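For reference, the structure discussed in these notes is given below.
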Amino acid sequence: MTGAEVNVDPKALRRAQSATGETRGDFRSAALSPLDETAAAAGKVNGWQSAEGLKVLGQRWEQQVESLDAILRGLGERFGGSAAAYERTEAAVHGEMSRIQKAFG
């Protein structure tokens with residue numbers, strides 16, 4: 001039984017890295033925008049139980065945003081790292097094949 005052939009396109013991995021970075025920026029901007037409004041609302045009801053609830057909501061929301069942001073950052077780094085590894089491997093294989101061809105030319 002033979003394994004299936006796998007073709008990897010480092011350029012596609014670089015595009016995925018770039019798209020992940022763009023998505024990350026868009027996500028952070030959109031996801032963090034409600035925090036100012038939540039803090040303002042908590043300030044308007046200061047002294048009420050609702051104020052503390054809004055503060056906790058804002059803190060938890062920010063933690064979740066940071067968690068997802070870290071996942072997106074990690075994905076981008078892995079896409080870039082994989083692209084670089086495939087590029088290095090391809091360059092090494094081509095270099096070795098050229099060396100062999102010259103030796104047995």
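Computed from the coordinates by the stated procedures, all read-outs in this text should not be read as laboratory data. Here the structure is a predicted model, which is why all the values come from computation and not from measurement. As a convention, Cβ positions derive from the backbone with ideal geometry for all residues, glycine included, and neighbour counts pool all protein chains shown.
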Handout entry: Zone residues, segment 21-58, relative to Arg78, backbone N less than 15 Å from point 7 Å out along Cα-to-Cβ
Key = 21
Handout entry: Under 25 Å from the Cα of Lys55 - lysines, other chains or at least 8 residues apart
Key = Lys44
Practice task
For n ≥ 4 DSSP H runs only, could you compute -39500 (n - 2.57) per run for the chain, divide by its residues and tell me the 222 nm figure to the nearest 500?
Solution key: -31000 deg cm²/dmol
Completion exercise
Options (1) 119; (2) 111; (3) 78 are given for volume of the Cα convex hull per residue in Å³, and the computed one is (1)
Completion exercise
Taking the dipole of segment 4-105 about the Cα centre (Lys, Arg +1; Asp, Glu -1; charges at Cβ), the one of Ala30, Trp61, Ser18 that reaches farthest to the positive side is Ser18
Handout entry: Check: the chain dipole with +1 on Lys, Arg Cβ and -1 on Asp, Glu Cβ, in debye
Key = 240 debye
Exercise for the section: Go through 19-32, 76-89 and give me the packing order, highest mean Cβ count within 10 Å leading. Expected result: 76-89, 19-32
Problem - segment 10-104: relative contact order as a whole-number percent, Cα under 8 Å and 6+ apart - result: 46 percent
Practice task
Can you give me the span-like helices of the chain, meaning DSSP H runs with 30 Å or more of Cα extent along the axis and Kyte-Doolittle mean at or above -0.5?
Solution key: 49-104
